[in-house]
Amino acid sequence: MEAGGRFSKGAMVYEGKAKRLYQVEGRSDLIWQEFKDSLTAFNAQKKGNFANKGALNREISSLLFQELEKNGVHTHRVADISATEEVTKKLEMVKLELVVRNVLAGSTAKKFGIEEGTPLERPLVEFYYKDDALADPFVSDDQAIMIKAAKSLAELDELKVFALKVNATLLPVMRSAGLQLVDFKIEAGRDTTGVLHLADEISPDCCRLWDLKTGEKMDKDRFRRDLGGVEEAYREVCERLKKALLK
Ligand code: TMP
Ligand code: ASP
């Protein structure tokens, strides 16, 4: 972990739905990530925001990435800069979103007409093609190779093993914070030597987290489904993770 003070922010290179990415001056191997307060759902058809959302997500993500590093998962993390900013390794991004499900909810529950909340006998890994214009469609293994999002079935297996390792690490962490990790989406990329790293973020934006005792939703579904209490839920997740991890 390098000290944040020695980096300076360069030109903006990309603005996404939840983050802005900047160059790091004099460092073509790094990226400066700034978390925004905006919140979108259904491929940005629904838009919202709340104060401190960016800061909460950065803090949650930083805590989880540190825990994953401790457990042998390489991540893009280099330095925390401010409440909403961090410096990360620049990676060659895999053009697939990796979704892991422990309990059936959301799109896959709907697709198969299975009741939301049905536990799965073993974690399910799914690939979605990272393409906003196509609304990130689900892809089978053979389709992923056909569209050249992966080179081979061996590469897809590597991605599945990676996603399952992240899941196995996060499950007890979330449990210790009184949260059930229902499902989540991660993104990955390779460094110049080809080593797979966790990238992007892990936050209530890209996980389903249910309170272990009450089953209450503590994630972006509160926004997607107009349940109210979005900010309170994100804040509660952050507080609980700090309590569980920063002992
Ligand atoms: P889904 O049930 O809508 O397919 O979502 C599965 C998980 O992936 C859920 O935790 C939300 C997350 N997710 C994202 O982070 N970004 C997305 O674009 C989608 C569709 C899902
Ligand atoms: N992340 C996607 C969006 O921002 C979809 C979602 O999370 O529902 O539109």
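Name the single residue, out of those in segment 141-176 being touching a helix residue (DSSP H, G or I) at 6+ places or on another chain (Cβ under 9 Å) and among the polar types (S, T, N, Q), that is farthest from E239 (Cα to Cα).
So, considering only residues that are touching a helix residue (DSSP H, G or I) at 6+ places or on another chain (Cβ under 9 Å) and among the polar types (S, T, N, Q), the one farthest from E239 (Cα to Cα) is S152.
Do you know which residues across segment 36-60 are out of contact with any Phe, Trp or Tyr (no Cβ under 8 Å at 6 or more places or on another chain) and farther than 16 Å from F223 by Cβ?
Passing the criteria: only E59.
Identify, please: which residue in segment 97-147 is assigned to a loop (DSSP other than H, G, I, E, B) and away from ligand 2 (no atom under 16 Å from the Cβ) and is, among those, nearest to W210 (Cα to Cα)?
Among them, the one singled out is G117.
Just to check your reading of the model, which residue among K213, K165 is open to solvent by 10 Å² or more (accessible area, probe 1.4 Å) and part of a loop (DSSP other than H, G, I, E, B)?
Among K213, K165, only K213 is open to solvent by 10 Å² or more (accessible area, probe 1.4 Å) and part of a loop (DSSP other than H, G, I, E, B).
Report, by residue number, each residue of segment 177-236 that is within 13 Å of ligand 1 (Cβ to nearest atom), among the aromatic types (F, W, Y) and over 19 Å from P123 (Cα atoms).
F223, the sole residue that qualifies.
Checking F184 against (1) within 16 Å of ligand 2 (Cβ to nearest atom); (2) surrounded by fewer than 17 Cβ atoms within 10 Å (Cβ to Cβ), which test does it fail?
Here F184 meets the rest and fails (2).
Given the options T118, T88, T108, name the one that is modelled with pLDDT of 95 or more and within 23 Å of E69 (Cβ to Cβ).
T88
Given the condition crowded, with 23+ Cβ neighbours inside 10 Å and in a strand (DSSP E or B), answer yes or no: does some residue in segment 200-207 qualify?
There is at least one residue in segment 200-207 that is crowded, with 23+ Cβ neighbours inside 10 Å and in a strand (DSSP E or B).
Which one of these does S61 not meet: (1) within 16 Å of ligand 2 (Cβ to nearest atom); (2) in contact with a strand residue (DSSP E or B) (Cβ under 6 Å, 6 or more places away or on another chain)?
Here S61 clears every test but (2).
Out of segment 3-50, which residues are under 17 Å from R224 (Cβ atoms), among the hydrophobic types (A, V, I, L, M, F, W, C) and surrounded by 14 or more Cβ atoms within 10 Å (Cβ to Cβ)?
A18, L39, A41, F50
When V125 is evaluated against the numbered criteria (1) open to solvent by 50 Å² or more (accessible area, probe 1.4 Å); (2) touching a helix residue (DSSP H, G or I) at 6+ places or on another chain (Cβ under 9 Å); (3) among the aliphatic types (A, V, I, L, M), which criterion, by number, is the only one it fails?
Tallying (1) open to solvent by 50 Å² or more (accessible area, probe 1.4 Å); (2) touching a helix residue (DSSP H, G or I) at 6+ places or on another chain (Cβ under 9 Å); (3) among the aliphatic types (A, V, I, L, M), V125 fails exactly one: (1).
I need the full set of residues from segment 58-116 which are β-branched (V, I, T) and within 11 Å of ligand 1 (Cβ to nearest atom), in order please.
Of everything in segment 58-116, those that are β-branched (V, I, T) and within 11 Å of ligand 1 (Cβ to nearest atom) turn out to be V99, V100, V103, T108.
The values are calculated or read from the model by the stated rules, or taken from the named source; none is laboratory data. On a predicted model such as this, the values are computed, not experimentally measured, just so you know. A quick note on method: Cβ atoms are made from the backbone with ideal geometry, for glycine too, and the neighbour counts reach across all protein chains shown. SASA here: full protein model, heavy atoms, side chains in, ligands and nucleic acids out. Shrake-Rupley method; radii C 1.70, N 1.55, O 1.52, S 1.80 Å.
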